[in-house]
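What follows is a set of notes on a single structure, which appears directly below.
The values are calculated or read from the model by the stated rules, or taken from the named source; none is laboratory data. Note that the coordinates shown come from a computational prediction; the quantities given were computed from them, not determined experimentally. All Cβ positions, glycine included, derive from the backbone under ideal geometry; neighbour counts span all protein chains shown.
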Amino acid sequence: MDETTNSDYITIVAEEDGVTIIGLTRGRDTKFHHTEKLDAGEAYIAQFTEMTSAMKIRGKAKLYTKMGCVQIGKQD
């Protein structure tokens, strides 16, 4: 795996209680490998690695990447 993939970080900031983050594996069969729950105001910093190819985020949150900020979830 190249260095760029291993250095991509994202930051998730929960805007409500109960935001769920699920890490998904790489490979032939995609599987869940890690789950986190955040409450309002909590932040989670994650990195894509040889094991993690995708993340599923459920709930109202802000996602910060090197490409900018994305609002996730139903906004008021």
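Pairs meeting the criteria (first residue in the stretch 48-68 and more than 18 Å from Glu16 (Cβ to Cβ), second residue of a type in the set (D, E, K, R), beta carbons under 8 Å, at least 6 apart or on different chains) are Phe48/Asp8; Glu50/Arg26; Met51/Arg26; Thr52/Arg26; Ser53/Arg26; Thr65/Asp8; Lys66/Asp8.
Among the residues of the stretch 22-43, is any in contact (Cβ under 8 Å) with a residue 40 or more places away in the chain and either touching a Pro at 6+ places or on another chain (Cβ under 7 Å) or outside any strand (DSSP E or B) (or both)?
Within the stretch 22-43, the subset in contact (Cβ under 8 Å) with a residue 40 or more places away in the chain is none.
Within the stretch 22-43 (the criterion being in contact (Cβ under 8 Å) with a residue 40 or more places away in the chain and either touching a Pro at 6+ places or on another chain (Cβ under 7 Å) or outside any strand (DSSP E or B) (or both)), the answer is no, since none of the residues qualifies.
When Thr35 is tested against the conditions (1) more than 18 Å from Tyr9 (Cβ to Cβ); (2) polar (S, T, N, Q); (3) at pLDDT 85 or above; (4) surrounded by 11 or more Cβ atoms within 10 Å (Cβ to Cβ), the lone failure is (4).
Output the residues belonging to the stretch 44-65 that are among the small types (Gly, Ala, Ser), surrounded by 14 or more Cβ atoms within 10 Å (Cβ to Cβ) and assigned to a strand (DSSP E or B). Steps first, answer last, please.
From the stretch 44-65, those among the small types (Gly, Ala, Ser) are 46, 53-54, 59, 61; that's our starting set.
Next, only the ones that are surrounded by 14 or more Cβ atoms within 10 Å (Cβ to Cβ) stay: 46, 53, 59, 61.
Of everything in the stretch 44-65, those that are among the small types (Gly, Ala, Ser), surrounded by 14 or more Cβ atoms within 10 Å (Cβ to Cβ) and assigned to a strand (DSSP E or B) turn out to be Ala46, Ser53, Ala61.
For the stretch 1-32, a residue qualifies if it is of a type outside the set (A, V, I, L, M) and either at pLDDT 95 or above or under 18 Å from Gln75 (Cα atoms) (or both), and the qualifying residues are Thr11, Glu15, Glu16, Asp17, Gly18, Thr20.
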